[in-house]
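Here's the structure we're looking at; comments come further down.
Readers should treat all values here as calculations from the given coordinates under stated rules, not as data from a laboratory. What you are looking at is a predicted structure, and each value in this text was computed from that prediction instead of being measured. When we count neighbours, we look across all protein chains shown, and the Cβ atoms used for this are built from the backbone with ideal geometry, even at glycine.
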Amino acid sequence: MSVEIPGKPDFSSAQEMAELAGLDALEFEPERRDLGRRIWRSAWPKLLAIVLAVAVWQIVVETGWRSRTILPPPTEVFPQLWDMLTTGSFWSAVATTMRRAIIGFAVAVAIGLVIGFAVARFAVLRAAVGSLITGLQTMPSIAWFPLAIVLFQGGEAAIFFVIVLGAAPSVANGVLAGVDFVPPLLVRAGRNMGASGFSLYRTVIGPASLPAILAGLKQGWAFSWRSLMAGELIVVIGESGSLGALLTFTRELSEYGQMLGVMIVILVIGILADAVFGWANNSLRRRWGLATDRT
């Protein structure tokens, strides 16, 4: 039996659903309005840092510390950079460098993940090669190039060899750190639910290790990017065929404005990669309830 309340209009179910939808829209509308504000809060410190860096650069040039032909001011470098950005050869060099970076990093990630989980799974491997992985991570990438050139007679294989050796240990150490800090209670709960062996790592330990693994991936990318730049400076393949080769040729031709422009592009690529890893980290934190959309 339904009771009618005096003074209250009788809404149909369709009307009620429409009103509820309107309330939901009102609830989420402030979040949409705040999106631009959050983007601005995140962007303005970076823009300010760029402006300050360019200003300091200009001030250093104006002091006469070095000749303007050796250290050109931003007012000369950015127009030359724009001219380079309008040429197909420059973008071909960027594409070559990014192809090497992506392939080398992907191979390093695959090897690092396999080694990391294998060492974490078997105590014998941990005792045998655990400290070796850390030692490889701390070894400067440039130290591998003499061996790489001897083994592969230069060429892209030598560059990939150094990229993998530079990045894979960081990824493996990230896996080890993640597995070591998985709560034992979580592991016991997984075993009580029937997970064991590979399934335990796939469903419990692996997902619980994701923050540390992501940190290892970010550090591995930094090592691989630095290794790649060093490799392209040492192992020059073709004329202006990569960003590293462009750095070498512009320096040899005393085109210092273009050289600084290429350095700016390398820096921007590194910043964009860091932004990707930052987005992945924030997404993971929000998914785990460790951060809100406003952070």
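Odds and ends about this structure:
- Annotation: Cα Rg of the range 117-258 relative to the compact-globule expectation 2.2 N^0.38 Å equals 1.38.
- Efficiency of FRET from Cβ geometry, residue 198 and residue 95, R₀ 45 Å, rounded to 0.05: 0.75
- Summed side-chain charge close to residue 100 - residues other than residue 100 whose Cβ falls under 10 Å, Lys, Arg +1, Asp, Glu -1: -1
- For the range 169-230, applying the loop criterion from DSSP together with a ceiling of 14 other beta carbons within 10 Å to the chymotrypsin sites (Phe, Trp or Tyr not before Pro) yields 181.
- In this simple spin-label model, placing a label point 7 Å from the Cα along the Cα-to-Cβ direction at both residue 153 and residue 51 gives a separation of 5.6 nm.
- Spin-label model, residue 87 to residue 126: label points 7 Å out along the Cα-to-beta-carbon direction sit 5.5 nm apart.
- Using 0.36 nm per residue and subtracting the Cα-Cα separation, the extra length available between residue 253 and residue 70 on full extension is 64.7 nm.
- Taking every C-alpha pair closer than 8 Å and separated by at least 6 residues, the mean separation divided by the residue count of the range 74-287 gives a relative contact order of 28 percent.
- FRET efficiency for the residue 103 to residue 37 pair, using the beta carbon distance and R₀ = 30 Å, is estimated at 0.15.
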